[in-house]
1. Working only within segment 64-122, note down all residues that are away from ligand 1 (no atom under 16 Å from the Cβ), within 13 Å of the chain's Cα centre (by Cα) and part of a loop (DSSP other than H, G, I, E, B).
2. State the number of residues belonging to segment 110-137 that are more than 9 Å from ligand 2 (Cβ to nearest atom), crowded, with 18+ Cβ neighbours inside 10 Å and more than 10 Å from His68 (Cβ to Cβ).
3. So Ala128 ticks every box in (1) in contact with a His (Cβ under 8 Å, 6 or more places away or on another chain); (2) outside any helix (DSSP H, G or I) but one. Which box is left unticked?
4. (1) crowded, with 17+ Cβ neighbours inside 10 Å; (2) at pLDDT 95 or above: which one isn't true of Glu103, the others all being true?
5. Is there any pair linking a residue in segment 155-168 that is under 11 Å from Asn118 (Cβ atoms) to one that is modelled with pLDDT under 80 and of a type in the set (S, T, N, Q), with Cβ under 6 Å and at least six apart or on different chains, and which?
6. Which of the residues belonging to segment 40-59 are buried (at least 17 other Cβ atoms within 10 Å of the Cβ) and more than 13 Å from ligand 1 (Cβ to nearest atom)?
7. Being part of a helix (DSSP H, G or I), within 16 Å of the chain's Cα centre (by Cα) and either polar (S, T, N, Q) or under 20 Å from Ala105 (Cα atoms) (or both) is the filter here, so list the residues in segment 33-51 that pass it.
Amino acid sequence: MGNSTSSKLSKEILEDLKLNTKFSQTEISLWYENFQKQCPSGRITPAEFEQIYARFFPDSDTAGYARHVFRSFDTNDDGTLDFKEYIIALHMTSSGRTTRKLEWAFSLFDVDKNGYINKSEVTEICQAIFKLIPKEEQAALPDDENSPEKRADKLWAFFEKKDNGESSDPSQPPPLP
Ligand SMILES: [Ca+2]
Ligand SMILES: [Ca+2]
């Protein structure tokens, strides 16, 4: 009896999210209602996530990028996004705080989740991002950024200035010179 599909958000998760994000209780409850409606199973699968991206970029090949973003949000590595991961993801990507965005960018680029970013990971993400850019816009890109490899080179050069070879966790303070 009762309505089993509209399960309530557990107090524990609510408290945890209030503590770890800038969202208020009302906001979190609203997100939860929405989440339950869109996703009655309570979990987002990679295929569902890809569909969301495909809707936002109807003319691009979003599958690769969506897969990487999904991985960066699936913090417990169980192959689905639950409500908590979804809200943390929203918070990371929408928060005005640069450190949050950096943390997310780091987990996006760290494809094998080993705590370091290497050049092939940078190239892989650049290739996925490039597929989001419509062809006519790609043609208008500056000469040193008009291919995924060039973008990766540029980004990697930037990382290398900060570090030697491998880029480490940005949440850690940099070693003193
Ligand atoms: Ca998960
Ligand atoms: Ca890595």
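The values are calculated or read from the model by the stated rules, or taken from the named source; none is laboratory data. These numbers come from a predicted model, not from an experiment. Virtual Cβ from ideal backbone geometry, glycine too; neighbours counted across all protein chains shown.
1. The initial filter retains those residues of segment 64-122 that are away from ligand 1 (no atom under 16 Å from the Cβ), namely 64-65, 93-103, 105-106, 109-112, 114-122.
Next, only the ones that are within 13 Å of the chain's Cα centre (by Cα) stay: 64-65, 93-95, 100-103, 105-106, 109-111.
Within segment 64-122, Ser95, Asp110, Val111 meet the criteria.
2. Adding up the residues that qualify gives 3.
3. Evaluating Ala128 over (1) in contact with a His (Cβ under 8 Å, 6 or more places away or on another chain); (2) outside any helix (DSSP H, G or I) leaves (2) as the failure.
4. All conditions are met except number (2).
5. Listed pairs, sorted by first residue: Phe159/Ser167.
6. Within segment 40-59, Glu50, Tyr53 meet the criteria.
7. So the first thing to find is which residues in segment 33-51 are part of a helix (DSSP H, G or I), and the list is 33-38, 46-51.
Next cut, within 16 Å of the chain's Cα centre (by Cα) only: 46-51.
Once the filter is applied, which keeps residues that are part of a helix (DSSP H, G or I), within 16 Å of the chain's Cα centre (by Cα) and either polar (S, T, N, Q) or under 20 Å from Ala105 (Cα atoms) (or both), segment 33-51 yields Pro46, Phe49, Glu50, Gln51.
This table checks each residue for (1) closer than 25 Å to Ile133 by Cα; (2) touching a residue at least 12 places away in the same chain (Cβ under 8 Å); (3) within 16 Å of ligand 2 (Cβ to nearest atom).
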| position | (1), (2), (3) |
| --- | --- |
| Leu19 | no, no, no |
| Glu27 | no, no, no |
| Gln51 | yes, no, no |
| Asp61 | yes, yes, no |
| Thr98 | yes, no, no |
